[in-house]
Structure formats: structure tokens, C-alpha cells
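Data block below; observations after.
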Amino acid sequence: MTTRAGETVRLATALAWFGLGGVAASGCAVPDDDGDTGGDPSAYCASVATWPDEATSEEGEVLDLVNAARATGGTCGGQSYAPSPPLAVSTELRCAARVHTQDMAARGYFDHDNPEGESPFDRMERAGYVYAAAGENIAQGYPTPAAVVQGWLESPGHCANIRSPDFAETGLGFVRDGLLWTQTFGRALR
């Protein structure tokens, strides 16, 4: 946790995984023992299908700033990164990011894994994203897109996720209440 100008801000350790990702189930939505619809991505993403305009705008600003950082290349914790192409928005990764951000806000926690142990990679798969590489950045307390991106760029692991040429797609989630941010990263398995 760091403090800036009297505000408390937090970053969680950045996560990234490279290798064969899982395949989300598709087809009919059949509730499992927890009462949710398990493998149906459309049901999983239903709660975030509509999103506040202000949050969507803030997410767009983060994407612009992240892509500007990728375009210039840079150093993250001693590791140099050449300029990388811009990230494209994936609806599945956006779903995973928004579901997680919404859940952290609703249940008052801050972690990559939810209280039941569901990881970012589990959420991506549930949203229907089949990945060869995937990662996630989360942050809390940053009041603006510029502040959160600067915070991530100052953290070696978060910076590496942003600048990594291994990622081609992204999704973002922002909830004003709690100033919670999630950015998911991926490269789809083709």
C-alpha cells in the first residue's frame, strides 16, 4: 500500500500466465451446486452487459494511456521492452475484468482471487476467453485513469503486463465506489 497526497492507494501483485489456457464450456446454461450457470459465458457476463457511461469513459482513457505506453516501449524493473502494438478490447476480457471489479466492490475485498478462490484465469475462462497467455492488474484508490496507469507503470510486475508483447487484447473494469480498477490481458489461443 502506498499513500499519495493523503489518499491511500493499493496495488496487488501483478499476475501473468503463459501457456495453454483452458476452454470454457458452451451450450445450455445449467445451474451447478452453487446455483450459478457455470460454463455459459453469456449468463456469466449478464450482470456487466450494461455499464455506467462514466465508468466506460474512464476505462477508455486507461486503454488510451496503456496503448500510449506500449507504443513508446520502456523499462519495467530492469527489464527493457521494445514498443508493442496497441491492445484491442476483447469483450470476454472486459467481462472478466468488470465481473471481478464489481464483485470486489460489492463484497469489500481486494485481491486477484475472490473469497471462493476463483482466479483471474478462471474468470477469463468463464467469460469464454480461451488464452495462450493471460494476466491481470488490479488497483484501488486511484482517482483517475492517469493516476492508476502511472501507479501500474511504477510497479515492475504491473508495468510488465502493460508493456508485454505477449498480450494482444485487454479488458477493463472500473467501479467508482471504492475506486477499484481491473485490467485483464490476453492472447487468444488460435
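Listing for the model above:
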{"read-out": "Members of the stretch 151-176 that are farther than 17 Å from Tyr81 by Cα and open to solvent by less than 20 Å² (accessible area, probe 1.4 Å)", "value": "Gly151, Thr170, Gly171, Leu172, Gly173, Phe174"}
{"read-out": "From the options Arg126, Arg94, Arg176, Arg98, residue that is over 15 Å from the mean Cα position of the chain (by Cα) and within 22 Å of Cys45 (Cβ to Cβ)", "value": "Arg176"}
{"read-out": "Condition met for Val66 (of a type in the set (Val, Ile, Thr), within 25 Å of Leu189 (Cα to Cα) and either under 17 Å from the mean Cα position of the chain (by Cα) or at pLDDT 95 or above (or both))", "value": "yes"}
{"read-out": "The stretch 74-105: number of residues that are in contact with a strand residue (DSSP E or B) (Cβ under 9 Å, 6 or more places away or on another chain) and either closer than 27 Å to Asp122 by Cβ or modelled with pLDDT under 95 (or both)", "value": "18"}
{"read-out": "Close pairs from the stretch 162-174: first more than 17 Å from Gln140 (Cβ to Cβ) and touching a residue at least 40 places away in the same chain (Cβ under 8 Å), partner buried (at least 21 other Cβ atoms within 10 Å of the Cβ) and polar (S, T, N, Q), Cβ under 6 Å, at least 6 apart", "value": "Glu169/Ser90; Gly171/Ser90; Gly171/Thr184"}
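The values are calculated or read from the model by the stated rules, or taken from the named source; none is laboratory data. Note that the structure is a prediction, hence the values are computed from the model and not measured. Cβ: placed from backbone, ideal geometry, glycine included. Neighbour counts: every protein chain shown. Ligands, DNA and RNA are excluded from the accessible area calculation, which covers all protein heavy atoms including side chains. Shrake-Rupley method; radii C 1.70, N 1.55, O 1.52, S 1.80 Å.
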